[in-house]
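Notes follow the structure.
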Amino acid sequence: MKKIIFTHLLNDYSGSPLVLSTAIRNFVAEGFEVEVITTRNGTGFLSGIQGVKYRNLGYRFFENKALRLAALLWAQLLIFCRVLLHAKGDTVVYVNTLLPFGAALAGRLLGKKVVYHLHETTVNPPVLKSFLKRTASFCASEAIYVSNFLLEKEALPGVPSKVVYNCLSQDFIEKAETYLAKNPSKNWPFTVLMLCSLKEYKGVNEFVQLAGQLPDFRFVMVLNSDADAVSAFFRTMNIPDNLVIFPSQHDVHSFYQEAHLVLNLSHPEKWVETFGMTLLEAMRYGLPVIAPPVGGPVELVVDGHNGYKMDQRNIQLMAEKMAEMKRLPGLYQQLSANASTFAAKFSERQFSQELLRAVA
């Protein structure tokens, strides 16, 4: 039986561990022996997957840069040692994102196939990103990218590469279909949803501004941080009465079920989205989206068909477009139907087959 060791540094409720969790479940279902090396602190999408042997780390993220670097290096040493000890026989080392480079080095040292799954382009500082890319180019047998944009932006010289678009898990699709079959129409008020990290460059402040400009709308923001961090971030900010803010959530289905529109307001000059998992999830629920006009979302959003590509810096124009969707139900319904049809193309079966070919 072929064995795969998956490595991911920080297990949380963000996009890259979500995609990896789907991949892991499919490899377990295909009969692979699967081990996962990730953080033991807290929970995330990689927690509690059936049929998996975990080899967890004591890694955590620090705001202090010196502590963050020390924690990163210590985690790499632990990952390196775990892969050296457990990558026996016919084993593939699967590195999720650029960060777990200790796994790649150990896999290369042992002569194992090393597959990189790359999700993001932003790694700071630049010297760290340069080191990580050089290490990946040296160690990788194959690289998987989540979008054509990312492949063009971050190609690893000399490494065979392919684009495998993210997918929605079958469980997510079934829950969405069941809900939509029982609830064909939306409740009011018109609800605008954004799910993102608690970072200014993710457009958190702009979302608050939009809520202030559209008092007849309901705004909901779900942030990938705990309640204390969320409270501290907004402590001095004037929050409109029509905006509700939630900390990290394990299950986001109820939020999509109540929403009419989903936004991604990432700042293109600071953070270019390489895919946009929340956009795809939203469209599966028949929700139009508004996303940045650059990066991976360009491959998901067709202007005026399933949503709109708009720069977050033009708040006024965005507010006008949202008001138009609310005012014209025929326009909204067409956008909704197109969004649902588009999302159906991203099947878990196709995703699984592409990954199986990558590790073969």
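Structure above, values below:
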item	result
Residue list for region 209-231, filter: part of a helix (DSSP H, G or I) and among the small types (Gly, Ala, Ser)	ALA211, GLY212, ALA227, ALA229, SER231
The listed residue being touching a residue at least 12 places away in the same chain (Cβ under 8 Å), of a type in the set (A, V, I, L, M, F, W, C) and out of contact with any helix residue (DSSP H, G or I) (no Cβ under 7 Å at 6 or more places or on another chain), out of ALA66, ALA71, ALA23	ALA71
First in region 122-139 and within 14 Å of LEU69 (Cα to Cα), second anywhere and part of a helix (DSSP H, G or I) and of a type in the set (Phe, Trp, Tyr), Cβ under 7 Å, 6 or more apart	LEU132/PHE101
Some residue of region 55-77 being over 29 Å from ASP226 (Cα atoms) and either surrounded by fewer than 16 Cβ atoms within 10 Å (Cβ to Cβ) or of a type outside the set (Gly, Ala, Ser) (or both)	no
Region 212-253, subset of a type in the set (Asp, Glu) and within 30 Å of ILE173 (Cα to Cα), residue surrounded by the fewest Cβ atoms within 10 Å (Cβ to Cβ)	ASP251
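Values quoted throughout were computed directly from the atomic coordinates according to the rules given, and no laboratory measurement underlies them. All figures in this text were calculated on a predicted structure; none of them were measured in a lab. Quick reminder, even Gly has a Cβ in these numbers, built from the backbone with ideal geometry, and neighbours come from all protein chains shown.
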